[in-house]
Amino acid sequence: MHDTLLLSVVIILRIISNPLANVFQKQLTIQGSHPLWVNFLTYFLLASACLVGLLFLDLSDLADGFWFYAILGGIFGALGNGLLVKALHRGNLSILGPINSYKSIVGLIFGIFLLRETPSLWGILGIGIIVFGSYLVLDTTEERFSPALLRNREIQFRLGAMVLTAIEAVFVKKVILASSTTLAFISWCLFGALFSFLLLLIFRINPAREFSNVKFYSLGKLIFLISCIGIMQLSTNYVFKNMEVGYALSLFQLSVIVSVLLGYRIFKEKEIRKKIIGSAIMVVGSALIILFN
(Lines give C-alpha, C1' and ligand atoms only; values in the text may rest on other atoms or scores of the structure.)
Protein backbone atom coordinates (compact mmCIF):
# COMPACT_ATOMS: atom_id res chain seq x y z
CA MET A 1 0.00 0.00 0.00
CA HIS A 2 2.80 2.41 0.94
CA ASP A 3 4.73 1.63 -2.26
CA THR A 4 1.61 2.16 -4.37
CA LEU A 5 0.91 5.51 -2.71
CA LEU A 6 4.49 6.65 -3.18
CA LEU A 7 4.45 5.61 -6.83
CA SER A 8 1.19 7.54 -7.35
CA VAL A 9 2.68 10.68 -5.80
CA VAL A 10 5.80 10.41 -7.95
CA ILE A 11 3.69 9.95 -11.10
CA ILE A 12 1.72 13.11 -10.22
CA LEU A 13 5.00 15.02 -9.77
CA ARG A 14 6.13 13.81 -13.19
CA ILE A 15 2.84 14.76 -14.80
CA ILE A 16 2.95 18.32 -13.43
CA SER A 17 6.67 19.06 -13.73
CA ASN A 18 6.96 18.21 -17.43
CA PRO A 19 4.46 20.76 -18.85
CA LEU A 20 5.66 23.39 -16.37
CA ALA A 21 9.19 22.90 -17.70
CA ASN A 22 7.80 23.31 -21.25
CA VAL A 23 6.28 26.65 -20.26
CA PHE A 24 9.61 27.99 -18.99
CA GLN A 25 11.43 26.61 -22.04
CA LYS A 26 9.00 28.39 -24.34
CA GLN A 27 9.19 31.65 -22.38
CA LEU A 28 13.00 31.67 -22.42
CA THR A 29 13.12 31.15 -26.20
CA ILE A 30 10.48 33.84 -26.74
CA GLN A 31 12.69 36.22 -24.76
CA GLY A 32 15.55 35.65 -27.21
CA SER A 33 17.53 32.61 -26.01
CA HIS A 34 18.39 30.05 -28.68
CA PRO A 35 16.57 26.72 -28.11
CA LEU A 36 19.83 24.72 -28.18
CA TRP A 37 21.35 27.12 -25.64
CA VAL A 38 18.38 26.65 -23.30
CA ASN A 39 18.78 22.90 -23.74
CA PHE A 40 22.51 22.99 -22.93
CA LEU A 41 22.19 25.39 -20.00
CA THR A 42 19.59 23.16 -18.35
CA TYR A 43 21.78 20.07 -18.60
CA PHE A 44 24.95 21.98 -17.64
CA LEU A 45 23.57 23.48 -14.43
CA LEU A 46 22.07 20.15 -13.36
CA ALA A 47 25.35 18.39 -14.18
CA SER A 48 27.29 20.96 -12.12
CA ALA A 49 25.17 20.11 -9.08
CA CYS A 50 25.61 16.38 -9.75
CA LEU A 51 29.40 16.62 -9.68
CA VAL A 52 29.20 17.16 -5.92
CA GLY A 53 27.07 14.03 -5.54
CA LEU A 54 29.67 11.92 -7.37
CA LEU A 55 32.07 12.42 -4.46
CA PHE A 56 29.78 10.35 -2.23
CA LEU A 57 28.99 7.50 -4.63
CA ASP A 58 30.81 4.24 -5.28
CA LEU A 59 31.38 3.75 -9.01
CA SER A 60 33.51 0.61 -8.71
CA ASP A 61 30.70 -1.96 -8.83
CA LEU A 62 28.65 -1.03 -11.88
CA ALA A 63 26.98 -3.74 -13.95
CA ASP A 64 28.04 -4.50 -17.51
CA GLY A 65 26.62 -2.09 -20.05
CA PHE A 66 26.24 0.89 -17.69
CA TRP A 67 28.55 3.25 -19.60
CA PHE A 68 27.35 2.05 -23.00
CA TYR A 69 23.69 2.70 -22.23
CA ALA A 70 24.48 5.92 -20.33
CA ILE A 71 26.26 7.33 -23.38
CA LEU A 72 23.47 6.28 -25.74
CA GLY A 73 20.90 7.78 -23.37
CA GLY A 74 22.89 11.03 -23.30
CA ILE A 75 23.03 11.22 -27.09
CA PHE A 76 19.32 10.54 -27.65
CA GLY A 77 18.33 12.75 -24.71
CA ALA A 78 20.38 15.76 -25.88
CA LEU A 79 19.06 15.46 -29.44
CA GLY A 80 15.46 14.84 -28.38
CA ASN A 81 15.28 17.63 -25.81
CA GLY A 82 16.99 20.03 -28.22
CA LEU A 83 14.29 19.36 -30.81
CA LEU A 84 11.61 19.69 -28.12
CA VAL A 85 12.73 23.18 -27.08
CA LYS A 86 12.92 24.21 -30.75
CA ALA A 87 9.37 22.92 -31.32
CA LEU A 88 8.09 24.81 -28.28
CA HIS A 89 9.74 27.99 -29.56
CA ARG A 90 7.71 27.79 -32.80
CA GLY A 91 4.47 26.04 -31.82
CA ASN A 92 1.54 25.98 -29.40
CA LEU A 93 1.99 24.18 -26.07
CA SER A 94 -1.60 22.88 -26.19
CA ILE A 95 -0.86 21.15 -29.53
CA LEU A 96 2.69 19.95 -28.98
CA GLY A 97 1.89 18.43 -25.55
CA PRO A 98 -0.72 15.96 -26.84
CA ILE A 99 1.52 14.90 -29.75
CA ASN A 100 3.71 13.33 -27.10
CA SER A 101 0.99 10.71 -26.57
CA TYR A 102 2.55 8.68 -29.36
CA LYS A 103 5.70 8.38 -27.29
CA SER A 104 4.15 5.53 -25.33
CA ILE A 105 3.85 3.48 -28.51
CA VAL A 106 7.47 4.09 -29.50
CA GLY A 107 8.59 3.25 -25.97
CA LEU A 108 6.44 0.11 -25.94
CA ILE A 109 7.90 -1.12 -29.25
CA PHE A 110 11.51 -0.56 -28.18
CA GLY A 111 10.69 -1.93 -24.72
CA ILE A 112 9.55 -5.20 -26.29
CA PHE A 113 12.83 -5.69 -28.17
CA LEU A 114 15.34 -4.26 -25.69
CA LEU A 115 13.73 -4.92 -22.31
CA ARG A 116 11.60 -8.00 -23.06
CA GLU A 117 8.52 -6.16 -21.74
CA THR A 118 5.27 -7.59 -23.14
CA PRO A 119 2.12 -5.43 -22.93
CA SER A 120 -1.27 -6.94 -22.03
CA LEU A 121 -4.40 -6.50 -24.13
CA TRP A 122 -5.63 -3.87 -21.64
CA GLY A 123 -2.38 -2.01 -22.02
CA ILE A 124 -2.67 -2.00 -25.80
CA LEU A 125 -6.32 -0.86 -25.58
CA GLY A 126 -5.35 1.96 -23.22
CA ILE A 127 -2.64 3.16 -25.58
CA GLY A 128 -5.12 3.03 -28.49
CA ILE A 129 -7.58 5.22 -26.59
CA ILE A 130 -4.81 7.70 -25.81
CA VAL A 131 -3.99 7.97 -29.51
CA PHE A 132 -7.68 8.48 -30.38
CA GLY A 133 -7.89 11.33 -27.89
CA SER A 134 -4.85 12.96 -29.47
CA TYR A 135 -6.71 12.90 -32.81
CA LEU A 136 -9.28 15.35 -31.43
CA VAL A 137 -6.57 17.66 -30.17
CA LEU A 138 -4.57 17.64 -33.40
CA ASP A 139 -7.75 18.22 -35.41
CA THR A 140 -7.76 21.79 -34.04
CA THR A 141 -4.68 22.70 -36.08
CA GLU A 142 -4.88 24.55 -39.40
CA GLU A 143 -3.91 21.37 -41.27
CA ARG A 144 -6.40 19.28 -39.24
CA PHE A 145 -5.58 15.62 -38.60
CA SER A 146 -4.19 14.89 -42.07
CA PRO A 147 -0.91 14.10 -43.85
CA ALA A 148 -0.49 17.86 -44.36
CA LEU A 149 0.13 18.12 -40.63
CA LEU A 150 3.51 16.45 -41.15
CA ARG A 151 4.67 19.41 -43.25
CA ASN A 152 4.34 21.69 -40.23
CA ARG A 153 7.89 22.42 -39.01
CA GLU A 154 7.09 22.51 -35.29
CA ILE A 155 5.14 19.24 -35.65
CA GLN A 156 8.19 17.70 -37.34
CA PHE A 157 10.44 18.89 -34.52
CA ARG A 158 8.01 17.54 -31.90
CA LEU A 159 7.67 14.16 -33.59
CA GLY A 160 11.45 13.89 -33.87
CA ALA A 161 11.81 14.81 -30.21
CA MET A 162 9.15 12.27 -29.27
CA VAL A 163 10.87 9.38 -31.07
CA LEU A 164 14.33 10.27 -29.75
CA THR A 165 13.21 10.71 -26.13
CA ALA A 166 11.13 7.51 -26.30
CA ILE A 167 14.25 5.60 -27.33
CA GLU A 168 16.17 7.48 -24.64
CA ALA A 169 13.64 6.23 -22.06
CA VAL A 170 14.55 2.63 -22.87
CA PHE A 171 18.26 3.35 -22.41
CA VAL A 172 17.53 5.17 -19.13
CA LYS A 173 15.73 2.04 -17.93
CA LYS A 174 18.76 -0.05 -18.91
CA VAL A 175 21.03 2.32 -16.93
CA ILE A 176 18.73 2.02 -13.90
CA LEU A 177 18.85 -1.77 -14.10
CA ALA A 178 22.66 -1.59 -14.28
CA SER A 179 23.05 0.83 -11.36
CA SER A 180 20.43 2.86 -9.43
CA THR A 181 17.94 5.66 -9.98
CA THR A 182 20.43 8.15 -8.48
CA LEU A 183 23.34 7.13 -10.70
CA ALA A 184 21.01 7.04 -13.69
CA PHE A 185 20.01 10.65 -12.97
CA ILE A 186 23.62 11.80 -12.58
CA SER A 187 24.71 10.09 -15.79
CA TRP A 188 21.68 11.57 -17.58
CA CYS A 189 22.73 15.08 -16.53
CA LEU A 190 26.46 14.65 -17.26
CA PHE A 191 26.18 13.00 -20.67
CA GLY A 192 23.26 15.25 -21.59
CA ALA A 193 25.45 18.29 -20.86
CA LEU A 194 28.30 16.85 -22.92
CA PHE A 195 26.26 16.03 -26.01
CA SER A 196 24.09 19.16 -25.85
CA PHE A 197 27.35 21.18 -25.82
CA LEU A 198 28.48 19.30 -28.92
CA LEU A 199 25.20 20.35 -30.54
CA LEU A 200 26.10 23.99 -29.86
CA LEU A 201 29.41 23.46 -31.66
CA ILE A 202 27.85 21.58 -34.57
CA PHE A 203 25.26 24.31 -35.19
CA ARG A 204 27.79 27.07 -34.48
CA ILE A 205 25.97 28.57 -31.53
CA ASN A 206 28.31 30.95 -29.68
CA PRO A 207 28.02 30.17 -25.93
CA ALA A 208 29.66 33.48 -24.92
CA ARG A 209 27.20 35.50 -26.98
CA GLU A 210 24.23 33.50 -25.71
CA PHE A 211 25.41 33.91 -22.11
CA SER A 212 25.69 37.67 -22.54
CA ASN A 213 22.14 37.75 -23.91
CA VAL A 214 20.66 36.17 -20.77
CA LYS A 215 18.50 38.84 -19.16
CA PHE A 216 18.40 39.36 -15.42
CA TYR A 217 14.62 38.94 -15.37
CA SER A 218 15.06 35.55 -17.10
CA LEU A 219 17.08 34.08 -14.22
CA GLY A 220 13.96 33.25 -12.21
CA LYS A 221 12.48 31.34 -15.16
CA LEU A 222 15.78 29.52 -15.62
CA ILE A 223 15.85 28.45 -11.96
CA PHE A 224 12.27 27.20 -12.18
CA LEU A 225 13.10 25.37 -15.43
CA ILE A 226 16.06 23.57 -13.87
CA SER A 227 13.98 22.63 -10.82
CA CYS A 228 11.17 21.25 -13.00
CA ILE A 229 13.55 19.27 -15.22
CA GLY A 230 15.34 17.84 -12.17
CA ILE A 231 12.05 16.77 -10.57
CA MET A 232 10.81 15.40 -13.88
CA GLN A 233 13.84 13.18 -14.49
CA LEU A 234 14.16 11.96 -10.90
CA SER A 235 10.47 11.02 -10.85
CA THR A 236 10.82 9.42 -14.28
CA ASN A 237 13.66 7.23 -13.06
CA TYR A 238 11.68 6.11 -10.00
CA VAL A 239 8.67 5.20 -12.13
CA PHE A 240 10.85 3.35 -14.66
CA LYS A 241 12.32 1.33 -11.81
CA ASN A 242 8.87 0.21 -10.69
CA MET A 243 6.94 -0.03 -13.98
CA GLU A 244 7.43 -1.17 -17.56
CA VAL A 245 8.57 1.64 -19.85
CA GLY A 246 5.62 1.42 -22.27
CA TYR A 247 3.08 1.70 -19.46
CA ALA A 248 5.01 4.45 -17.69
CA LEU A 249 5.20 6.56 -20.85
CA SER A 250 1.46 6.11 -21.30
CA LEU A 251 0.75 7.36 -17.78
CA PHE A 252 2.98 10.37 -18.35
CA GLN A 253 0.60 11.44 -21.13
CA LEU A 254 -1.80 12.63 -18.43
CA SER A 255 0.34 15.75 -18.51
CA VAL A 256 -1.36 16.73 -21.77
CA ILE A 257 -4.29 18.16 -19.79
CA VAL A 258 -1.88 20.34 -17.86
CA SER A 259 -0.23 21.38 -21.16
CA VAL A 260 -3.57 22.33 -22.70
CA LEU A 261 -4.62 24.38 -19.67
CA LEU A 262 -1.25 26.13 -19.40
CA GLY A 263 -1.26 26.90 -23.12
CA TYR A 264 -4.72 28.47 -22.75
CA ARG A 265 -3.98 30.42 -19.57
CA ILE A 266 -0.43 31.63 -20.27
CA PHE A 267 -0.15 31.80 -24.07
CA LYS A 268 -3.86 32.43 -24.90
CA GLU A 269 -4.10 29.44 -27.24
CA LYS A 270 -7.48 28.68 -28.89
CA GLU A 271 -10.08 25.88 -29.24
CA ILE A 272 -9.64 24.87 -25.63
CA ARG A 273 -12.90 22.86 -25.42
CA LYS A 274 -12.05 20.33 -28.11
CA LYS A 275 -8.53 19.97 -26.74
CA ILE A 276 -9.89 19.30 -23.26
CA ILE A 277 -12.29 16.64 -24.59
CA GLY A 278 -9.46 14.94 -26.47
CA SER A 279 -7.25 15.10 -23.41
CA ALA A 280 -10.03 13.62 -21.23
CA ILE A 281 -10.28 10.66 -23.60
CA MET A 282 -6.55 10.20 -23.22
CA VAL A 283 -7.01 10.13 -19.44
CA VAL A 284 -9.45 7.23 -19.87
CA GLY A 285 -6.78 5.32 -21.78
CA SER A 286 -4.27 6.01 -19.04
CA ALA A 287 -6.79 4.89 -16.40
CA LEU A 288 -7.09 1.51 -18.15
CA ILE A 289 -3.33 1.10 -17.95
CA ILE A 290 -3.31 2.02 -14.25
CA LEU A 291 -6.22 -0.27 -13.29
CA PHE A 292 -5.13 -3.32 -15.23
CA ASN A 293 -1.35 -3.11 -14.99
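I'd like to verify a number: residues in the range 178-205 that are outside any helix (DSSP H, G or I) and either in contact with a Lys or Arg (Cβ under 8 Å, 6 or more places away or on another chain) or surrounded by fewer than 19 Cβ atoms within 10 Å (Cβ to Cβ) (or both), how many? Steps first, please.
To start, the set of residues in the range 178-205 that are outside any helix (DSSP H, G or I) comprises 179-180, 203-205.
Next cut, either in contact with a Lys or Arg (Cβ under 8 Å, 6 or more places away or on another chain) or surrounded by fewer than 19 Cβ atoms within 10 Å (Cβ to Cβ) (or both) only: 180, 203-205.
Of the residues in that region, 4 qualify.
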Hey, Ile109 in a helix (DSSP H, G or I), on the phi < 0 side of the Ramachandran plot and at pLDDT below 75 or not: yes
Test: residue in the range 262-274 that is in contact with a Leu (Cβ under 8 Å, 6 or more places away or on another chain), surrounded by fewer than 16 Cβ atoms within 10 Å (Cβ to Cβ), part of a helix (DSSP H, G or I) and among the basic types (Lys, Arg): yes
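Would you confirm whether any residue within the range 51-61 is hydrophobic (A, V, I, L, M, F, W, C), surrounded by 16 or more Cβ atoms within 10 Å (Cβ to Cβ) and either touching a strand residue (DSSP E or B) at 6+ places or on another chain (Cβ under 6 Å) or assigned to a helix (DSSP H, G or I) (or both)? Reasoning before the result, please.
Going residue by residue through the range 51-61, those that are hydrophobic (A, V, I, L, M, F, W, C) are 51-52, 54-57, 59.
Checking the rest, the ones that are also surrounded by 16 or more Cβ atoms within 10 Å (Cβ to Cβ) come to none.
For the range 51-61, residues hydrophobic (A, V, I, L, M, F, W, C), surrounded by 16 or more Cβ atoms within 10 Å (Cβ to Cβ) and either touching a strand residue (DSSP E or B) at 6+ places or on another chain (Cβ under 6 Å) or assigned to a helix (DSSP H, G or I) (or both): absent.
Of everything in the range 71-106, what is under 28 Å from Lys270 (Cα atoms), at pLDDT 75 or above and not aliphatic (A, V, I, L, M)? Give them in sequence order.
Going through the range 71-106, the residues under 28 Å from Lys270 (Cα atoms) turn out to be 80-105.
Among the residues that remain, those that are also at pLDDT 75 or above are: 80-93, 96.
Result: Gly80, Asn81, Gly82, Lys86, His89, Arg90, Gly91, Asn92.
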For Gln233: the one exception among (1) of a type outside the set (Ser, Thr, Tyr); (2) in contact with a Lys or Arg (Cβ under 7 Å, 6 or more places away or on another chain); (3) under 30 Å from Phe56 (Cβ atoms): (2)
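Kindly indicate which of Ala208, Ala280 is in a helix (DSSP H, G or I), without any contact (Cβ under 8 Å) to a residue 12 or more places away in the chain and among the aliphatic types (A, V, I, L, M). Spell out how you get there, then give the answer.
Values: Ala280 fails: without any contact (Cβ under 8 Å) to a residue 12 or more places away in the chain.
From the options Ala208, Ala280, the qualifying one is Ala208.
The values are calculated or read from the model by the stated rules, or taken from the named source; none is laboratory data. Predicted model only: the values in this text are computed from it and were never measured. As a convention, Cβ positions derive from the backbone with ideal geometry for all residues, glycine included, and neighbour counts pool all protein chains shown.
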